[in-house]
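Beneath this line is the structure, given in structure tokens, with notes to follow.
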Amino acid sequence: MNKVALITGITGQDGAYLAEYLIKKGYTVHGIKRRSSMFNTDRIDHLYQDPHIENRNLILHYGDLTDSLNLTRIIGEVQPDEIYNLAAMSHVKVSFDTPEYTANADGLGVLRILEAVRLLNLIPKTRIYQASTSELYGLVQEVPQKETTPFYPRSPYAVAKLYGYWITVNYREAYKMHASNGILFNHESPLRGETFVTRKVTRAISRIALNMQEKVYMGNLSSKRDWGHAKDYVRAMYAILQQDEPSDYVIATGITTTIRDFIKMTFEEVGMEVSFHGEGVNEVAVLRSINEKIFKEKVGEVYFENANKRIGEEVVGVDPQYFRPTEVELLIGDATKARERLGWEPQYSLKTLIEDMVLSDVKLMKKESYLREGGYKILNYFE
Ligand code: NDP
């Protein structure tokens, strides 16, 4: 019999990579997706199977982390060997706008899953992975941050995730559940949501290179993050649930980089060199030079002339609307425990992560540019 996994948040970045990974391992994967007025399954469409096919290895259910009855019914029907709770309102800045909803989905949502497993008498069968986050560390207490570092959350998102973390630990201790937290540091990929900082950068720089956009506005350029590739991080989630004993693990690369340097490296990936000037809200990046060979290879010959004309222009600015009310200045993780116990190592470096993201975004943006040149207009239903 195939092992059965249930993934909440399957339509998100990590859900998509994890579903693909588990299907390749021979799992039958069930996923919970939210009802939406538009299709929201782009990231997993390549895995989709017609419901009329027998023995499907991907089955989707409508559901929501804020609905206990729905979660309990699905878990009861699916009888999963493993649950990966990845669903969350995952955007830190947006959590300041929707704090109550974030607490409900990201905090109480975890309780609903744990309690469903308990009430359905599935404790001996079902292992649970909870998507915890480096944002729990918030205000720096120790560098680098490891499993024993005290938490100091700095956003409604992180506070909700703090509840999720501790309720997972509590159910493990109280009911002997195989429930574990992965304290994952930032991880990115071509599938990262467009409003997250790395993807915003790779997307905007692809558009700047293709002459589709003049400038990008950013928030705090000095924040430091430990960035890995989502493909590496879903391997860690799986490994955590294969351990005989449940436990909590930091998953990180151990290298931290400012957003400013991430931007520089992304420009370099397409052969463009920028320099930063000024401070705070007045800081800007100016395009200094273009390496013709790299640019033509990565972006395309036809775009070079227009890009080259822009040397000396500002391509990055700062807009305080993107500042968080309370910032997390420095995240850098120590994944020694994961290395020693899980044998986990990241395979991507920051450079290869950026390369993967930029190549994908250049391709995507070119598609948009071709469509526009071909006369494509956004459909106006009211015209
Ligand atoms: P995404 O934002 O890409 O995906 C979140 C998923 O959760 C989406 O499928 C979304 O559905 C779903 N979702 C949101 N709210 C609900 C809800 N109320 N009920 C059911 N589903 C819901 O996040 P990632 O894939 O990047 O992250 C996965 C998990 O890991 C999240 O919990 C995140 O907080 C956590 N995490 C992520 C890190 C990162 O760097 N990526 C770092 C540390 C932790 P829809 O597609 O409909 O929006």
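The values are calculated or read from the model by the stated rules, or taken from the named source; none is laboratory data. Only a predicted model underlies this, so the values are computations on that prediction, with no experimental measurement involved. Because the Cβ atoms are built from the backbone with ideal geometry, glycine has one as well, and the counts that use them run over all protein chains shown. Areas reflect the complete protein model, heavy atoms only, side chains present, ligands, DNA and RNA absent. Shrake-Rupley method; radii C 1.70, N 1.55, O 1.52, S 1.80 Å.
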Check: In whole Å, what is the distance between the alpha-carbon centres of region 168-232 and region 31-110?
Finding: 19
Check: For region 1-117, what size does the Cα cloud have along each of its three principal axes, sorted from largest down, in whole Å?
Finding: 43, 30, 24
Note to self: At 1.4 Å probe size, put Val197, Val110 in order of accessible surface, largest to smallest.
What the structure shows: Val197, Val110
Next item on the list: Multiply the residue separation of Asn170 and Phe382 by 0.36 nm, subtract the distance between their alpha-carbon atoms, and state the gained length in nm to one decimal.
Entry: 71.0 nm
Checklist line | Most fluctuating residue given options Tyr370, Tyr84, Tyr27, as computed from a GNM of the chain linking Cα atoms under 10 Å | finding: Tyr370
Item checked: the chain: most fluctuating residue of Asp81, Asp232, Asp67 per GNM, C-alpha cutoff 10 Å -> Asp67
Notebook entry, point to check: Each label point is 7 Å from the Cα along the Cα-to-Cβ direction; what then is the distance between the points at Glu327 and Phe304, in nm?
Noted result: 3.9
Margin query: I want to make sure I understand the PRE zone here: with the label point 7 angstrom from the Cα of Ser36 toward its beta carbon, which residues in region 347-371 have backbone N atoms less than 19 Å away?
Written below: 361, 364-365
Item checked: Gaussian network model of the chain, springs between alpha carbon atoms under 10 Å - residue of Ser37, Ser90, Ser223 with greatest fluctuation -> Ser37
Checklist line | Folded to 0 to 90 degrees: helix 259-269 orientation relative to the chain principal axis, Cα | finding: 60
Note to self: Can you compute the FRET efficiency between Glu214 and Lys24 using 1/(1 + (r/R0)^6), with r the Cβ-Cβ distance and R0 = 56 Å? Round to the nearest 0.05.
What the structure shows: 0.85
Notebook entry, point to check: For the Cα atoms of the chain, what angle does the longest principal axis make with the long axis of helix 230-241, in degrees from 0 to 90, nearest 10?
Noted result: 10
Check: Can you list the lysines whose alpha carbon is less than 20 Å from that of Lys366, not counting same-chain residues fewer than 8 positions off?
Finding: Lys200, Lys215, Lys293, Lys296, Lys298, Lys309, Lys377
Checklist line | Estimated [θ] at 222 nm from DSSP helical runs (n ≥ 4, -39500 (n - 2.57)) normalised by residues in the chain, nearest 500 | finding: -11000 deg cm²/dmol
Notebook entry, point to check: So what's the net charge close to Arg43: Lys and Arg +1, Asp and Glu -1, counting the other residues with Cβ under 11 Å from its Cβ?
Noted result: -2
Notebook entry, point to check: From the Cα gyration tensor of region 222-284, with a ≥ b ≥ c the square roots of its eigenvalues, which class applies: rounded if a/c is under 1.5, or else prolate if a/b is larger than b/c, or else oblate?
Noted result: prolate
Check: For Thr148 and Val281 in the same chain, what is the full-extension length gain: residue separation times 0.36 nm, less their Cα-Cα distance, in nm?
Finding: 44.3 nm
Note to self: If I take all pairs of Cα atoms in region 239-383, what percentage of them are more than 27 Å from each other?
What the structure shows: 47
Next item on the list: Please give the solvent-accessible surface of Glu301 in Å², to the nearest 10, using a probe radius of 1.4 Å with every protein chain present.
Entry: 130
Item checked: Nonlocal amide H pairs with Asp248, under 5 Å, H built at 1.01 Å -> Asn181
Next item on the list: Please report, largest first and rounded to whole Å, the three semi-axes of the ellipsoid equivalent to region 175-282, where each semi-axis is the square root of five times an eigenvalue of the C-alpha gyration tensor.
Entry: 35, 15, 11
Next item on the list: Using a 1.4 Å probe over the heavy atoms of the protein chains, calculate the carbon and sulfur portion of the accessible area of region 135-256 as a whole percent.
Entry: 51
Next item on the list: Working with all protein chains in place, sort Leu241, Leu350 by solvent-accessible area computed with a 1.4 Å probe, largest first.
Entry: Leu350, Leu241
Next item on the list: Compute the semi-axes of the equivalent ellipsoid of the chain, taking the square root of 5 times each eigenvalue of the Cα gyration tensor, and list them largest first in whole Å.
Entry: 37, 25, 19
Next item on the list: When a/c is below 1.5 the answer is rounded, else prolate if a/b is larger than b/c, else oblate, so apply that to region 71-170 with a ≥ b ≥ c taken from the square roots of the Cα gyration tensor eigenvalues.
Entry: oblate
